[in-house]
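Okay, structure first, notes after.
Coordinate-derived values only; no laboratory data. Just so we're clear, the structure is a prediction, and the values are computed from it rather than from any experiment.
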Amino acid sequence: MYRILAFLVLFVGLPVMAKAEDPGIAYQRVITQQLEAFRSDDGALAYSFAAPNVRQIFPTPETFMAMVKRGYLPVYRAQAYRFGEARSDAQGRPGQRVFLTGPDGKTYEAQYTLELQPDGTWQITGCTLLEIPGLDA
């Protein structure tokens, strides 16, 4: 009886375990973790979500954070954010749209691109930022 029950539990659990995570959920998790690291001024943690191409350009957490503070203030100090759709960019790179309310109260769209790493994690390869007049985040 116990063998049958154990087999049924194992058999019923297999489809759940075999199902891969929705990439959009994984993108959102990485972006959220980086936004929270920015919010808490944890440069080392925020930098840990940057892909190798970003680390090549900004070789230290300090240089990375200086760039973010200078050019991405709505991302660095987002008052609020919500996720849009996950989609590929024009070059076919996986991406995630994020709508942010910046510290100036204006709404911005951030288009993140991501890359799957050899260890199975997603890292951020880039972010473009546009002000969206009249759109509430």
- Computed ³J(HN,Hα) along the stretch 64-79: with the Karplus parameters 6.51/-1.76/1.60, θ = phi - 60°, integer Hz and x for glycine or proline, the list is 5, 5, 4, 5, 4, 4, 7, x, 9, 4, x, 7, 4, 10, 4, 6
- Query: By how many nm would the segment from residue 87 to residue 106 lengthen if fully extended, with 0.36 nm per residue of separation less the alpha-carbon distance?
  - Reply: 4.4 nm
